[in-house]
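Laboratory data are not the source of any read-out in this text; all were calculated from the coordinates shown. Keep in mind that this is a model prediction, so the values were computed, not measured. When we count neighbours, we look across all protein chains shown, and the Cβ atoms used for this are built from the backbone with ideal geometry, even at glycine.
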Amino acid sequence: MNRVLLIGNIGTLPDIRETDDKSKYAVIYLATNEKWIDSKGVQQARTDWHRIVVFREKLVDFIANHLQKGSRILIEGKLQNRKFMNDDGTEGSICEIIISQKGPGFISWLQSPQSKSAGTKPFKVISNTQERSNDFSV
């Protein structure tokens, strides 16, 4: 099984792009935060950045119309590593979370950047099998 579930904040304006065959896809950079107390009793914190690539058409439209820098989301996708060629001819690699046209994957909008607490905006879930909005607090 290859499933990734993350909760975090979008770090940049979502980037809507097109493939060679004119299909739209979205790229999101998601920041997740972790806090812990180390062995000396000192609080530590770390932020990790994740590249999310979304190919599902309804999700791309949702991202383009509703999500922005600072939006807090829950995302499910699959982990994928790939290699690419840099401009200087060297090989690079990247790890991404992918939501493809088919298969598991969804985005839940938990909080807009303008709101100060979760649940002040509608909670929206879009998956490959359903689309629903609820006006209840998360």
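Taking strands (runs of 3 or more DSSP E) that do not extend beyond region 20-105, which have at least 3 residues that are basic (K, R)?
By residue number, 72-85.
Inside region 1-19, can you point out the residues that are of a type outside the set (S, T, N, Q), touching a residue at least 12 places away in the same chain (Cβ under 8 Å) and outside any loop (DSSP other than H, G, I, E, B)?
Initial filter on region 1-19 (of a type outside the set (S, T, N, Q)): 1, 3-8, 10-11, 13-18.
Pick out the ones that are also touching a residue at least 12 places away in the same chain (Cβ under 8 Å) and you get 3-8, 10-11, 13-16.
Those that are of a type outside the set (S, T, N, Q), touching a residue at least 12 places away in the same chain (Cβ under 8 Å) and outside any loop (DSSP other than H, G, I, E, B): V4, L5, L6, I7, G8, I10, D15, I16.
Taking region 1-21, which residues are hydrophobic (A, V, I, L, M, F, W, C) and loosely packed, with under 10 Cβ neighbours inside 10 Å?
M1
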